[in-house]
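In what follows, a single structure is set out as C-alpha cells and then discussed.
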Amino acid sequence: MAADGDHAAFERLYRGHVGRIHALARRMVGDDVAEDLTQEVFIRAWSKLGSFRGDARFGTWLHRLAVNLLLTRRETLRKREAKAVTADGVLDRLVAPRQRSPGAAVDLEAALARLPDGARRIFVLYDVEGYGHEEIAGLVGISVGTSKSQLHRARMLMRGHLNG
Amino acid sequence: MMNGSHARWTDQLSDYLDGGFAEADRDALEAHLAECGTCRDVLHDLRALVESAHRLGDVPPARDLWPGIAAAIGAPAPAARPRSVIELPTAARARARRGLFLTVPQLAAASVVLAVISAAATVWVGPGVATTSAVGEKGGTVAATTDAGAVFPAVDLAGPPPELAQELRLLEQTLAAERARLEPNTVRILEKNLGVIERAIDESRRALAIEPGNVFLREHLDRTYREKLDYLREAAGIADWTG
C-alpha cells in the first residue's frame with residue numbers, strides 16, 4: 001500500500017522501523033546527525049519505494065538503503081570526525097571511571113562513539129548488524145583483509161576504552 | 001610489553017573468534033592460548049564484547065521525525081498528536097539518550113509499580129502500620145494511629161535527603177506552574193502516581209519512626225525520594241514537550 005502512495009501505510013512502516021534505522025545511524029555517524037540522517041533515509045525510501053519489489057523483507061531493503069546512504073555521507077562523517085578530535089577530552093570524562101563492564105550497553109555505546117570512523121563502521125556492520133566481511137568489503141569499497149583488520153582494531157580499541 | 005611473536009597471536013584473535021581460521025593455524029593458536037594468560041584474557045574480553053554488541057537494541061529518536069518526513073513526501077500535515085503518546089525529551093535524553101517514550105498506559109503501569117513499592121513498605125512494617133494518617137509537611141513531630149489502636153511515637157520529619165531537596169522543590173514549582181497547560185488526563189495520571197509515591201514516602205517515614213535504625217527502611221525511603229525525583233523530572237519533561 002505504501003508503494004502505491006499510501007502515506008498512512010508508509011507512516012506505519014516508519015513507526016515500525018525507525019528505532020532500528022536511528023540506532024544504525026547513531027552508531028555509524030554519531031548522535032549529533034543521526035536524527036537528520038534517519039529522516040533522510042525515510043524520505044529516500046519513499047522516493048524509491050517503486051524499486052522495492054517485495055522479494056525481500058521491507059526491513060532488509062530499508063536497512064540496506066540506510067547503510068548505503070550513511071556510507072555515502074562522507075562530508076558529514078568528516079565533520080563529525082573533526083568534532084570528535086576536539087571533543088576528545090569531554091568524551092574521556094564522560095566515559096571515565098565508574099564500574100566498567102564490557103556487557104554494559106551504555107558503556108558500550110560510549111566506547112563505540114569514540115572509535116575512529118573507519119573502525120566504527122566496520123564494527124557496527126559486522127558485530128552489531130551481522131554483515132559478513134565480503135558484504136562489508138563490497139559496501140564500503142575495501143578489501144576483505146582490510147575489513148578484518150579494521151574489525152580487530154575496532155575491537156581492541158573498544159576493549160581498551162571499556163577496561164580503562 | 002608484548003614481544004613480536006606474542007603480538008602476532010593477539011592480532012589473530014578476532015579472526016579466531018569469528019571462526020575464520022584454518023585448522024592448522026587454529027591448533028597452533030590454541031596451543032599458544034593454553035600457555036598464555038594474556039591472550040586468554042584478551043580473547044575472553046573480545047568474546048564478551050562481541051556478545052554485548054550482538055545484544056545492542058533499537059534506539060528510537062528522542063523526537064518524532066514523522067512530521068518532517070511527512071512534509072518532505074507531501075503527506076497531509078499530521079494533526080496535532082494526541083497527548084496519549086508522550087515523548088520526554090529532556091529527562092530521557094539526559095538519562096540514557098536511548099529515547100524514552102511513555103504512553104498513557106505506561107504511565108498508568110508506572111503507578112502499579114509504585115503501588116507495589118508502597119505495598120512492599122506496608123508489608124515490611126506489618127498490617128498494623130497500614131494507616132492513612134497524614135504526615136505533616138513541615139517537619140516537626142507527628143503521631144499516627146494504627147488500625148490496632150496503638151500510637152506511633154512522635155517523629156522528627158527530616159524531609160528529603162539534602163542533596164535532593166532543592167531540585168525536588170524546583171521541579172514541584174515548575175510542575176505547579178505548568179499544570180494548566182497539560183491535558184486533564186495527563187494531570188490526573190501524574191497526580192495519581194505522585195500520590196502513590198507520597199504515600200510510600202509517608203509510610204516509610206512513619207515506619208522509620210518505629211525503627212529508626214532499620215537499614216532497609218532507610219534505603220527504601222531514600223530510593224522512594226529518588227523515584228519521586230525521577231518522576232518529577234519526567235513530568236517536567238512532559239510540560240516542556242507540550243509547551
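Throughout, read-outs are computed from the coordinates displayed, never taken from laboratory work. The model shown is predicted, which means the values in this text are computed figures rather than measured ones. Using ideal geometry, Cβ is built from the backbone for each residue, glycine included, and neighbour counts are taken over all protein chains shown.
Distance in nm between label sites at residue B:36 and residue A:15, each 7 Å beyond Cα in the beta-carbon direction?
5.4 nm
Can you put B:175, B:190 in order, fewest other beta carbons within 10 Å first?
B:175, B:190
What ranking do B:16, B:225 get, fewest neighbouring Cβ atoms within 10 angstrom at the top? It would help to have the intermediate numbers written out before the result.
Numbers: B:16 18, B:225 21.
Exposure proxy ranking, most exposed first: B:16, B:225.
Nearest 0.05, what FRET efficiency do residue A:146 and residue B:24 give at R0 = 35 Å with Cβ-Cβ as r? Could you put the intermediate results ahead of the total?
On the way: r = 24 Å, r/R0 = 0.69.
Given R0 = 35 Å and the Cβ-Cβ separation, E is 0.90.
Arrange the following residues from fewest to most other Cβ atoms within 10 Å of their Cβ: B:51, A:109, B:35.
Going from least to most buried by this count: B:35, B:51, A:109.
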